[in-house]
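Data first, discussion second: the structure below is written as structure tokens.
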Amino acid sequence: MSSTADDMERLMARAQELRVPRPFLFGAATAAYQIEGAPEADGKGESIWDRFSHMPGVISDAGTGDIACDHYHRWPEDIRLMRELGLGAYRFSLSWSRIQPYGAGKANEAGLDFYKRLIDGLAEAGILPFVTLYHWDLPQALQDKGGWYSRETSHRFADYAGLVSHALADRVAHWTTLNEPWTFCWSGHATGEDAPGLKDGACGGLAASHHALLAHGLAVPAIRAHGGSAEIGIVLDLNTVTPASDKADDMAAAKRFEDAQNRWFLDAVFKGRYPKAMLELCRDLLPEIRPGDNEIIAAPLDYLGVNIYRRSIMAHGREMPPLNFERVNPPGRYSAVNYEVWPQSIEDVLLYVHEQYAPEAIYISENGFATPAETVTSDGTIHDVRRAEYHVDHLDHMARAMRRGAPVKGYFAWTLMDNFEWAYGYSTPFGLVHVDFVTQERRIKFSGHVYAAIARNNSDDRVRKYA
Ligand code: IFM
């Protein structure tokens, strides 16, 4: 037997044995711009990603989300795939500019209808929808008025949240306000790698972050007003941070990075204040923080979604002044987007949030592994052994954190199917399902079969009934 075949057999055996404390939901996640395509269908307005991905030189393979997985038209097939994968839940985002083409005013019913059809299809398949309101695709019309630099955008987001949660109240029981504010605020406004492509340094990252958090805080009561007993959360991309050495400079840099990526968001949402050290460090760069903002941002939540891909080892450096850090990549295994594979990180991050912030419930809302573009082998499958191993190892460590008290209720693999990976385009797939972007043919990968085995062995009647 070849070593790949040995590895596949060994991994499938581990998957069959893996047990997670129940009840537990197994799902997969996607985001609107990354899969839907159909940028102008049924009255959709332009988003900042529609605009940005067409700018020369910003996407490494010059890809765009114009077609992506054509999910807008192929969603029934995608739900069939979810069933084959044994998913109990599906986390996806709504495209704001499908629903409000210009980011304000009355709903575009045709846009809403798409999501109604999708959610009804999920219900028929017994799959629970977890709906994210914002996964980075701001309506371009709001960007033209200042985007996340403007408090007005926070209020428009609350209006949108109210409108959508009212329209979908009878269909959706789990809402997420924002996906990964650290990334879309800093990569979009400090470094410019993501839309809208602004390179305004820390000043941009901080202004966008405060207004995004304000938007979150304003949206929570707007959803509660319409959403009955629906559960509401936010999804943060968190890392555990270790200094590269015990030198004072490196230790201070690690602390600054942890304050910026984790505590800025966690302290604001769970403690109603920003970290004092950040406020002092960035005092000349902060946006206006009005009296009452902190209380709005700390609106009580039902769960925290944690996106985790890697750990962070930080040294003193020059990135994002005045944060002044430099990421250190130790020797080891890395994914195609240069993330170190370090499964202990999921256990560490879960215990970190559980012990320091005690959210009522936690979902791993994203976790996954990127490879270089994959090819179909002669037996018609994709032997993505390293991705399967990544999920099995991370689930193992997640289960350990649960046995130590972390209240984890579900895990969403990133991602259901290969899709548009932002600035990387289509060159670094993360999917459990392979997509041929010429024919749009879908094919479950080895990792998908492994994941399906785990999901089936760890689902129970309560979860199915709940779904
Ligand atoms: O593809 C992204 C997703 O949109 C947000 N979280 C990280 C993923 C992988 O980079």
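Just for the Cα atoms in the stretch 378-458, what are the lengths along the principal axes, largest first, rounded to whole Å?
46, 32, 18 Å, listed from the longest principal axis down.
For LYS44, give me every one of the aspartates and glutamates with a C-alpha distance below 13 angstrom, ignoring sequence neighbours fewer than eight places off in its own chain.
Within reach: GLU36, ASP66, GLU109, ASP113, ASP137.
Could you rank the peptides 186-192, 438-444 by their average count of other C-beta atoms within 10 Å per residue, with the highest value first?
Ranked from most to least packed, the peptides come out as 186-192, 438-444.
Quick one: Debye curve from the alpha-carbon atoms of the stretch 21-114 only, equal weights, vacuum; give me log10 I(q)/I(0) at q = 0.22, 0.24 Å⁻¹ to two decimals.
Result of the Debye calculation: -1.11, -1.21.
Can you list residues from other chains, or at least 5 along the same chain, whose modelled amide H is less than 5 Å from the amide H of ARG443?
HIS434
For GLU288 paired with ALA110, estimate the spin-label separation in nm (one decimal), with each label point 7 Å from Cα along the Cα-to-Cβ line.
Once both label points are built, they end up 4.0 nm from each other.
Can you work out the Karplus-derived ³J(HN,Hα) for every residue in the stretch 74-80? Use 6.51 cos²θ - 1.76 cosθ + 1.60 with θ = phi - 60°, whole Hz, and x for glycine or proline.
10, 4, x, 5, 5, 5, 4
Note down the relative contact order for the chain as a percent, whole number, built from C-alpha pairs under 8 angstrom at least six residues apart.
Result for the chain is 20 percent.
Once fully extended, how much extra length lies between ARG117 and ALA361, figured as 0.36 nm per residue of separation less the alpha-carbon to alpha-carbon distance?
Working it through step by step, the gained length comes to 84.9 nm.
Using every pair of alpha-carbon atoms in the stretch 212-260, split the distances into 5 Å bins beginning at 0 and state the percent of pairs per bin, rounded to integers.
The percentages, shortest bin first, are 4, 17, 17, 12, 10, 9, 10, 9, 6, 4, 1.
Find how many whole Å separate the alpha carbon centroid of the stretch 273-307 from the alpha carbon centroid of the stretch 56-94.
Using only Cα atoms to place each centre, the spacing works out to 33 Å.
What is the diffusion coefficient of the stretch 67-226 in µm²/s, taking the Kirkwood radius over Cα pairs and the Stokes-Einstein relation at 25 °C with a viscosity of 0.890 mPa s? Mind dumping the intermediate values first?
Numbers: Rh = 16.3 Å.
Estimated via Stokes-Einstein, D reaches 150 µm²/s.
Compute the distance in nm between two label points, each set 7 Å from the Cα along the Cα-to-Cβ direction, one at ASP302 and one at MET55.
Here the answer is 3.8 nm between the modelled labels.
Under the Karplus relation 6.51 cos²θ - 1.76 cosθ + 1.60, θ = phi - 60°, what is the ordered set of whole-Hz ³J(HN,Hα) values for the stretch 30-35, x standing for Gly and Pro?
In residue order, the calculated couplings are 8, 9, 3, 5, 6, 10 Hz.
What residue among ALA62, TYR334, THR177 has its Cα farthest toward the positive end of the dipole of the chain, where the charges are +1 on Lys, Arg and -1 on Asp, Glu, each on the Cβ?
THR177
Taking amide H positions as placed 1.01 Å from N in the peptide plane, with prolines and chain starts having none, which residues 5 or more places from ALA370, or on another chain, fall under 5 Å of its amide H?
ALA336, VAL337
Neighbour counts of other C-beta atoms within 10 Å: give me GLU231, GLU374 arranged from fewest to most.
Taking fewest neighbouring Cβ atoms as first place, the list is GLU374, GLU231.
For ASP6 and ARG171, compute 0.36 nm times the residue count separating them, minus their Cα-Cα distance, and round to one decimal in nm. Working shown, then result.
Numbers: separation 165, 0.36 × 165 = 59.40 nm, distance 4.43 nm.
Result for the pair: 55.0 nm of gain on full extension.
If every alpha-carbon in the chain counts as one equal scatterer, what log10 I(q)/I(0) does Debye give at q = 0.08, 0.10 1/Å?
-0.43, -0.69
Could you derive backbone 3J(HN,Hα) for the stretch 208-225 from the dihedral phi with the Karplus parameters 6.51, -1.76 and 1.60 (θ = phi - 60°), listing whole Hz in sequence and x where the residue is Gly or Pro?
4, 4, 5, 6, 5, 5, 4, 4, 4, x, 6, 6, 4, x, 5, 6, 4, 4
Could you sort 397-408, 425-436, 333-344 so that the peptide with the highest average Cβ count within 10 Å comes first and the rest follow in order? Mind dumping the intermediate values first?
On the way: 397-408: 18.2, 425-436: 22.4, 333-344: 16.6.
Ranked by mean Cβ neighbours within 10 Å, highest first: 425-436, 397-408, 333-344.
The numbers here are math on the coordinates, done by the rules we state, and not lab data. Keep in mind the model is a prediction, meaning the values are calculated, not measured. Neighbour counts run over all protein chains shown; Cβ positions are idealised from the backbone, glycine included.
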